[in-house]
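Okay, so here's the structure we're looking at.
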Amino acid sequence: MRSEVPMFITLFFGLFFIISAFIVHPAYKSAAQELNNWTLIIISFAYVLGVINVARIHAKKLEERRPGWAYSVMTLFGMLIMIVFGIFVPARLYGGYETGSLFSWLFDNGQVPMQATMFSLLAFFIASAAFRAFRVRSVTASLLAVTAVIVMAGRVSVGELMWSDFPRFVEWIMGDLQTAGQRAVKIGAALGAVATGLKIILGLERSYFSGE
Amino acid sequence: MANISIAEIVDVQKLNLFVLLVLFSGLVLLMIRLAEKGRQMFVRPLAGLKALEDAVGRATEMGRAVLYVPGIDDVKNIQTIYSMVILEHVAKIVADYGTPLIVPIGKAFVVPMAEETVRQGYLNAGRPQDFRSDNVRYLSDEQFAFTGAVNGIIMRERPAANVFLGSFYAEALILAETGFMAGSIQVAGTANIHQLPFFVVACDYTLIGEEFYAATAYLAQDPKLLGTIKGIDVFKGLILAVLVIGFVVETLGFTGFSRLIAGE
């Protein structure tokens, strides 16, 4: 029973949502929408588990004074401040999460710039990765390097100055050659996803059930 | 009772898609049946999956951990669910070697699932006492907060092997390049095609698109799972045949075939 019940639930709801993609009847559609809302409610409960996980791991690290424990102090402090001011402190004392609250101020002036900093690192990582990728070591690597140079040249104004049809040539490379290869990968991945869904719905792939 | 037409119940525009889905599912089930009856199914070796065990072995020799990142998407994404299935196999290999496994999580809902999966892997290896729930770490739902935290783990704890299997977005290259700089051996796999070039460049082995979904069939060598891979291969052959037929008949000026496929 321990695995049969979850397997039946997976089968039932799996088929329900597959069929919902092909049904337009309002009653069925609204039932599917309602179930999707349930999913969101269940997911929101998982945040409690997430908070417990973070608190447990960092409290233990702090207690054992493991290397980097100072980061754990910052993590716990940050989490506590956001939870307390976001949920328990009234709006007149800068609580809540609306504009003007401490929660919102910390998010906009702390979290967002830090995330933007992480994202901006991508430019430098692309440069270092591209340097390795375009090293001419084999015939295919040479093809990649030559194509990359052509595409880069055709994307800037100097390329059009060299040859007026350069942008059109680059569009042909991107639209015909590149897209054909990309679609082949896409079709394979899509079939793989459908087959995996089928395996899970039918219980062929059930190792994610505890006890299997 | 009012008369209700089929068009009011079923989306007739998608009937062609439904037929293809039924055909594909039937083909996969047929291949599974054949595999169960003992038909030999050849699956070409995937270097990335073979490298998984080598990577764990290397981590053991170096006395360092293995880092497994199951993507940053929720369990509503099939890649995350499948990554959990692969994670169990990796956890079993890791438990066999007695190497620590760190699993950073970017979505709260994935935490209990990952914990149970890793626990099961250790149980399958016969070493449940070695499972440490502290190594399944929820970091943040925010994309770049998660990225920063994983980078911190890579640079501070220096795992010998990094495994990135699941749904990744803009953080893919940041994570993989950081792992490269830390000198870790890296295996990645995703079906998000825009991130594949980044993984190919920065990782030692990459599972491209459908190869990612073939992982458990390869790792477990279960006939039923190998059957699904064969089902996909046969269906791809059919798609190729349809493409060639479509190319020929359209070139000859007959448009009925493309309209039939489009469900018009």
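The values are calculated or read from the model by the stated rules, or taken from the named source; none is laboratory data. Just so you know, these numbers come straight off a predicted model, no measurement behind them. So basically every Cβ, Gly included, is an ideal-geometry build from the backbone, and we count neighbours across all protein chains shown. Areas reflect the complete protein model, heavy atoms only, side chains present, ligands, DNA and RNA absent. Shrake-Rupley method; radii C 1.70, N 1.55, O 1.52, S 1.80 Å.
Carbon and sulfur together cover what percent of the accessible area of segment A:134-212 at a 1.4 Å probe radius? Please report the intermediate quantities before stating the final value.
Values: 3140 of 4740 Å².
Within segment A:134-212, the accessible surface is 66 percent carbon and sulfur.
Residue by residue along A:179-192, Cβ atoms of other protein chains within 10 Å of the local Cβ number 6 on average. Looking at segment A:1-120, what % of the alpha carbon pairs are farther apart than 23 Å? Cα-Cα pairs of segment A:1-120 separated by over 23 Å account for 59 percent.
The alpha carbon gyration tensor of segment B:49-220 gives principal lengths a ≥ b ≥ c with a/c below 1.5, which makes the shape rounded. Name the residues of segment B:3-25 whose accessible area, probed at 1.4 Å, falls by at least 50 Å² once all protein chains are in place instead of their chain on its own? Flagged in segment B:3-25: B:ILE9, B:LEU21, B:PHE24.
In chain A, helical runs assigned H by DSSP with n ≥ 4 each contribute -39500 (n - 2.57); averaged across all residues and rounded to the nearest 500, the mean residue ellipticity at 222 nm is -23500 deg cm²/dmol. Accessible area per residue for chain A, computed on protein heavy atoms with a 1.4 Å probe, is 65 Å².
When A and B come together, around 5500 square angstrom of accessible surface is lost from both chains combined, probe 1.4 Å.
Split chain B at each of the chymotrypsin sites (Phe, Trp or Tyr not before Pro) in a DSSP loop with at most 13 other beta carbon atoms within 10 Å, and the longest piece is B:43-253. With the convex hull drawn over the C-alpha atoms of segment A:134-212, the volume per residue is 160 Å³.
Shape class of chain A from the alpha-carbon gyration tensor: oblate, with a/c at 1.5 or above and b/c at least as large as a/b. Straight Cα distances below 24 angstrom link B:LYS92 to the lysines A:LYS199, B:LYS50, B:LYS107, B:LYS224, with same-chain residues fewer than 8 positions distant left out.
Only helices enter this figure: runs of n ≥ 4 DSSP H residues, each worth -39500 (n - 2.57), summed and divided by the residues of chain B, yield -18500 deg cm²/dmol at 222 nm to the nearest 500. Name the residue from B:ALA35, B:VAL234, B:GLY106 whose Cα lies farthest towards the positive end of the charge dipole of chain B, charges +1 on Cβ of Lys and Arg and -1 on Cβ of Asp and Glu. In chain B, that residue is B:ALA35. Interface residues of segment B:46-78, defined as those with an accessible-area decrease of at least 30 Å² between the chain by itself and the complete set of protein chains (probe 1.4 Å), are B:LYS76, B:ILE78. Ranking B:ILE154, A:LEU49, A:THR39 by how far each Cα lies toward the positive end of the dipole of the protein assembly as shown (charges on Cβ) leaves B:ILE154 at the top. Note on A:VAL84: accessible area approximately 50 square angstrom, rounded to 10, probe 1.4 Å, nucleic acids and ligands left out. What chain B shows is 44 Å² of accessible area per residue, with the surface traced by a 1.4 Å probe over protein heavy atoms.
Applying both filters, DSSP loop and at most 16 other Cβ atoms within 10 Å, to the trypsin sites (Lys or Arg not before Pro) of segment B:74-160 gives B:LYS76, B:ARG132.
P(r) tail for the protein assembly as shown, what percent of Cα pairs lie past 36 Å? Show your work: numbers first, answer last.
Numbers: 45030 of 113050 pairs.
Tail fraction, whole percent: 40.
Indicate, rounded to the nearest 5 percent, the antiparallel portion of the DSSP beta bridges found entirely in the protein assembly as shown. It would help to have the intermediate numbers written out before the result.
Numbers: 1 of 20 bridges.
Close to 5 percent.
Could you please state how large a percent of the accessible area of segment A:43-132 is carbon and sulfur, counting protein chains only and using a 1.4 Å probe?
Values: 4620 of 6160 Å².
On segment A:43-132, the fraction of accessible area on carbon and sulfur atoms equals 75 percent.
Just to be sure I understand the rule: take each whole DSSP H helix in chain B, project its Cα atoms onto its long axis, keep it if the span is 30 Å or more and its mean Kyte-Doolittle hydropathy is at least 1.0. Which ones pass?
Working: long enough: B:15-36 (31 Å, 2.18); B:223-251 (42 Å, 1.45).
What comes out of the filter, once short or polar helices are dropped, is B:15-36, B:223-251.
Computing the accessible area with a 1.4 Å probe over protein heavy atoms, can you report the carbon and sulfur percentage for segment B:49-220? Intermediate values should be presented prior to the final figure.
Values: 2710 of 5260 Å².
C and S atoms contribute 51 percent here.
Taking label points 7 Å from Cα along the Cα-to-Cβ direction, A:LEU161 and A:PHE8 give a separation of 7.4 nm.
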